[in-house]
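The values are calculated or read from the model by the stated rules, or taken from the named source; none is laboratory data. All figures in this text were calculated on a predicted structure; none of them were measured in a lab. Methodologically, a virtual Cβ is constructed for each residue, glycine included, from the backbone with ideal geometry; neighbour enumeration extends over all protein chains shown. Side chains are part of the model used for accessible areas, which takes the heavy atoms of the whole protein and leaves out ligands, DNA and RNA. Shrake-Rupley method; radii C 1.70, N 1.55, O 1.52, S 1.80 Å.
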Amino acid sequence: MELNEYIDQLPLVDHHCHYLIKNVANRDERLARVSTEADDEYPLFDIKNRLAYWEFKAEAQKFGSPAIVPWANDAEYSAYNQRLFSHYHFKRLFIDVGFVPDDAILSLEQTAAMTQTEVAPILRLETTAEKIMTTSATFDEWWQKLQVAVKNAKQQGYVGFKSIAAYRFGLKLTDVSRVDAQAAFTQWKNSGVTRLTSSTVISYLVWNLSPLIIATKLPLQFHVGYGDADTDMYQGNPLLMRDFLNEWSHQGLKVVLLHCYPYHREAGYLASVFPNLYFDISLIDNLGPSAMERVLDEALELAPYSRFLFASDASTYGEMYAVAAHRFKRALTRHLTKLDFVPEDQLKNWAAQICYQTSERIYLEK
């Protein structure tokens with residue numbers, strides 16, 4: 001089988017994605033809004049002049065959506081999604097349940113049926129910490145409950161953890177003392193604001209939950225770089241994680257850097273020097289499709305192919321998943337085809353690792 005045919009038929013494990021939504025009205029506007037990371041007040045006119053929106057529309061037409069309108073009924077909507085996910089050979093979806101779009105399909109069982117994939121959740125640390133804070137009177141009670149949540153995560157079906165430290169303050173994680181963490185927690189608790197933004201509290205929980213996460217054998221994901229308009233991308237550079245990685249990756253913590261653009265080269269470098277560190281270039285494969293081949297080439301300049309993963313960071317509509325899969329496989333094929341000094345069997349082995357094998361290995365370890 002030729003390399004391009006082999007890659008085309010490979011299954012995909014999407015190790016970082018989000019909830020799909022129900023068959024609702026305003027489909028055209030919702031499809032446009034999900035094709036950008038801009039806030040809702042950003043002009044729809046300009047969004048519809050981005051390449052991603054037009055590629056989303058093209059995928060919709062390819063799979064039998066005659067217009068960008070809601071389907072006549074839920075059965076047709078489900079059948080449409082089954083065609084789309086089947087065509088691109090999606091095998092598993094690992095859903096970050098910490099982000100919930102409007103009209104989300106919250107049932108993982110329903111999502112599995114609609115996509116004909118196996119679905120499992122990822123536990124977001126900051127969101128979990130926020131929920132536990134509202135039911136905890138003291139720092140000690142909060143910390144005890146948070147540790148229990150991490151210890152029990154695997155038994156409850158979670159296949160990994162995620163930190164959004166980059167959204168809340170940045171990736172300069174430090175080893176915070178318990179005294180300082182307790183003081184910062186008290187200030188947070190008394191503020192009346194549930195959203196956790198304290199760099200002290202977040203650093204403490206990520207740093208000190210790491211041994212427990214290692215014990216679960218599950219990976220810890222980090223948002224890196226490109227994301228919603230409220231993220232400070234300057235503080236989302238993974239090179240800022242050096243102290244954290246020096247402490248924990250050598251002790252067996254499996255760290256997965258998500259998105260990474262425009263720091264995909266930095267992420268590739270880190271994957272080439274730190275053990276147990278993996279990364280992807282999700283979100284650029286569907287929101288920046290014209291850059292996909294260049295970014296993939298740059299991401300793999302230094303990184304081992306065994307540390308690079310497919311992911312979409314898709315949400316809301318299946319078209320976002322489809323564009324990611326289409327663009328990613330095309331870029332991967334063109335990248336590997338240029339490596340004429342590598343035996344074809346090895347190229348196929350790398351492709352299989354990237355598309356699904358490595359994700360299954362690191363997330364589903366017994």
For an R0 of 25 angstrom, estimate the FRET efficiency from the Cβ-Cβ distance between Ser290 and Tyr6 and round to the nearest 0.05. 0.50
Note to self: C-alpha centroids of the range 79-150 and the range 319-366 sit apart, in Å, by 25 Å
I'd like the FRET efficiency for His87 and Gln155, computed as 1/(1 + (r/R0)^6) with the beta carbon distance as r and R0 of 35 Å, rounded to 0.05. 0.50
Going by amide H atoms built from the backbone, whose H comes under 5 Å of the H on Leu171, apart from near neighbours? Asn237
Rounded to one decimal in nm, the spacing of the 7 Å Cα→Cβ label points at Leu339 and Leu239 is 2.6 nm
Going toward the positive end of the dipole of the chain, with +1 on Lys and Arg Cβ and -1 on Asp and Glu Cβ, which of Thr333, Pro289, Ser210 do you reach last? Ser210
Determine the gain in length on full extension of the stretch Trp54-Ala113; use 0.36 nm per residue of separation and subtract their C-alpha separation, reporting nm with one decimal. 18.5 nm
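Measuring with a 1.4 Å probe in the full set of protein chains, what accessible area per residue, in whole Å², belongs to the chain?
Working: 14880 Å² over 366 residues.
Value returned for the chain: 41 Å² of accessible area per residue.
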If the chain between Lys366 and Asn73 were fully extended at 0.36 nm per residue, the gain over the current Cα-Cα distance would be 101.4 nm
For the chain, give me the percentage of DSSP beta bridges that are antiparallel, rounded to the nearest 5 percent. 5 percent
In degrees, nearest 10, range 0 to 90: what is the angle between the Cα axis of helix 51-62 and the longest Cα principal axis of the chain? 60 degrees
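For the range 275-365, which trypsin sites (Lys or Arg not before Pro) pass both filters: DSSP loop (anything but H, G, I, E, B) and at most 12 other C-beta atoms within 10 Å?
Sites meeting the loop and neighbour criteria: Lys338.
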Of His87, His223, His259, which has the largest mean-square fluctuation in a 10 Å C-alpha GNM of the chain? His87
Each label point is 7 Å from the Cα along the Cα-to-Cβ direction; what then is the distance between the points at Thr134 and Leu44, in nm? 3.1 nm
Would you please give the FRET efficiency between Val179 and Gln251, computed as 1/(1 + (r/R0)^6) with r the Cβ-Cβ distance and R0 = 25 Å, to the nearest 0.05? 0.55
What three numbers, in Å, describe the spread of the alpha carbons of the range 175-240 along their principal axes, ordered from the longest? 34, 32, 19
Give me the base-10 log of I(q)/I(0) for the range 149-192 at each q in 0.15, 0.22, 0.29, 0.34 Å⁻¹, Debye formula, one uniform scatterer per Cα, rounded to two decimals. -0.63, -0.99, -0.96, -1.02
Only Lys, Arg (+1) and Asp, Glu (-1) charged, at Cβ; the chain dipole about Cα centre in debye: 680 debye
